[in-house]
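Remarks on the structure that follows.
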Amino acid sequence: MMVFPSVLRAPRREPGAAHVLSDLFVALLVTVVIVGAATREPLVAALGALALVVTVVARLWSRLSLERVNYRRELSSSHVFAGDEVQLTLTLENSKPLPVPWIRVKDFIPDGLDAPDADATYRQAIGGSEMVTVTSVGKYERVRTRHRVLAPHRGYYRLGPARLESGDLFGLYQSRMEVPGSDASLVVYPRTVPLPEFYLPSARPVGDARTPVWLWADPNRPNGIREYRPGDPVRALDWKASAHLQELYVRTYDPSVSQYVVVLLDATTAEHPWDGYMPDVLEAAITGAASIAMRASELGYRVGLVANGVPPSEDARMVIPPSAGHDQLPSILEALAMIRPLTVKTIEEMLEREAAAAAPFGATVVYVSGSFRPPTMDALHRMSSRGHPVMLVWVGHGDAPAAAGMQVLDARRVFGVSEPQDVFRRPAARAGEPQPGKVAHA
């Protein structure tokens, strides 16, 4: 469960018309008390004094209502696949002896996420909705509310900010407290489709692809350690790890040769960037890249990624060199989840800059795009001439263009491209636009 503690700002009074009227009401009560005392009307003076005391207590209660009140969000998972759901737990904790008779929490839910069964009301806001929860919190009490949150679309979503509102028992005064979004975020991996009959071309098909049966291990390719089993050679023992773990462990290695696969994703779907983008083509390309990466990983290949989409943050990587680590596939899926419909560099420019690290010698290159531009085709032909097997996966509108000397796979129907149409959409300026740990493997 992912816990996101919230940094609360100091409570402040509501500066609206309600407080102005309350101040006028206090002045009126003081006047009533003075007039009652001056005219020797004890009943009027007593009622005025009682009302004045109630008003002062209400104001003080309102000022203290949000003091030492903590609010936090908890997500059952920070990374899910498109179509999955997570549980969002909102926790209010009152760490003072004064009870909070009522408290209203308005938490921002960005577009792309939905909480259908929440006991809340929704109000459309810019770029999302406000999930409203109203409850009461006793002294030294903790209250939790749980909501199902659906994630139908890939992307990177940041929850919050939230606003806490409370006040006195009579509703005369209110206080507010702002709760920043902090690090409460959810990465929704792109949709994938199974590709049981999809195989990749290899530059050295006889002995380069990894097989279930290993002929021999390559000591130059360390993979990790495992527990000692009878029959393991003594020279494979890892004495340092064995001494540290108080059990015998042996070193493991990758097979003597292994195949590299680099998935190239071109997020460009229009001839000119100012024309906008085609949502169905972009999503089909991302679905195709994610599905091919998963299939290649299943076949035992070392998979990498090069994409020219603009991520929502500088920390996100769009160039991931091929690797067989356990976190490699989650890293690729996370990068694909965060891609927005904006590009600042062409795929050939990224290849030229990152070719050495992104595409090792002999690596199979799979180019997924809905636009086969001549400069990109020239760059791919150069890679083919240098010994890289190249496969082109077409997800654009219309029939797949021909490419001399390279295999072209028309995958529009497989990855969900709609009927041919000239509908462009302007890129959204929000970072929460579908663009974004561990992968929950089936």
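The values are calculated or read from the model by the stated rules, or taken from the named source; none is laboratory data. None of the values given here were measured: they were computed from a predicted structure. Cβ sites come from the backbone with ideal geometry, for glycine too, and all protein chains shown count toward neighbours.
Does the range 332-344 include one or more residues that are farther than 22 Å from Ala411 by Cα, assigned to a helix (DSSP H, G or I) and modelled with pLDDT of 85 or more?
Step one: of the range 332-344, the residues farther than 22 Å from Ala411 by Cα are 334, 338, 342-344.
Remaining after also requiring assigned to a helix (DSSP H, G or I): 334.
Keeping just the survivors that are modelled with pLDDT of 85 or more gives 334.
So far as the range 332-344 goes, yes, one or more of its residues are farther than 22 Å from Ala411 by Cα, assigned to a helix (DSSP H, G or I) and modelled with pLDDT of 85 or more.
I need a count of the residues in the range 168-187 that are farther than 20 Å from Arg72 by Cβ and not in a loop (DSSP other than H, G, I, E, B). Give the steps one after another, and end with the answer.
Of all residues in the range 168-187, those farther than 20 Å from Arg72 by Cβ come to 168-174.
From what is left, the residues that are not in a loop (DSSP other than H, G, I, E, B) are 174.
Adding up the residues that qualify gives 1.
Starting from the range 223-240, keep only residues that are modelled with pLDDT under 75, then list their pairs with residues that are among the charged types (D, E, K, R) and surrounded by 10 or more Cβ atoms within 10 Å (Cβ to Cβ) whose Cβ atoms are within a distance under 6 Å, requiring at least 6 positions of separation or different chains.
Every condition considered, the pairs that remain are Asn223/Asp254.
Can you pull out every residue in the range 370-410 that is under 19 Å from Tyr277 (Cα atoms) and either in contact with a helix residue (DSSP H, G or I) (Cβ under 6 Å, 6 or more places away or on another chain) or not assigned by TED's automatic domain parsing to the domain that holds Ala270 (or both)?
If the condition is that a residue be under 19 Å from Tyr277 (Cα atoms) and either in contact with a helix residue (DSSP H, G or I) (Cβ under 6 Å, 6 or more places away or on another chain) or not assigned by TED's automatic domain parsing to the domain that holds Ala270 (or both), then Gly370, Thr376, Val393, Val395, Gly396 are the ones that fit.
Please go through (1) among the charged types (D, E, K, R); (2) assigned to a loop (DSSP other than H, G, I, E, B); (3) closer than 18 Å to Ala289 by Cα for Arg413 and return the number of the only condition it doesn't satisfy.
Exception for Arg413: condition (2).
Among the residues of the range 143-170, count how many are over 16 Å from the mean Cα position of the chain (by Cα), over 18 Å from Lys106 (Cα atoms) and surrounded by fewer than 17 Cβ atoms within 10 Å (Cβ to Cβ).
The qualifying residues number 2.
Among all residue pairs at least 6 apart or on different chains, which show Cβ distances below 8 Å where the first residue, located in the range 366-380, is farther than 8 Å from Thr268 by Cβ and the second is of a type in the set (Phe, Trp, Tyr)?
Every condition considered, the pairs that remain are Gly370/Trp394; Phe372/Trp394; Thr376/Tyr367; Leu380/Tyr367.
Out of all the residues in the range 333-353, which are aliphatic (A, V, I, L, M) and surrounded by 20 or more Cβ atoms within 10 Å (Cβ to Cβ)? If you could, list the steps in order and put the result at the bottom.
Our first condition is that a residue be aliphatic (A, V, I, L, M); within the range 333-353, this holds for 333, 335-339, 342, 344, 347, 350-351.
If the condition is that a residue be aliphatic (A, V, I, L, M) and surrounded by 20 or more Cβ atoms within 10 Å (Cβ to Cβ), then Leu333, Ala335, Leu336, Ala337, Met338, Ile339, Ile347, Met350, Leu351 are the ones that fit.
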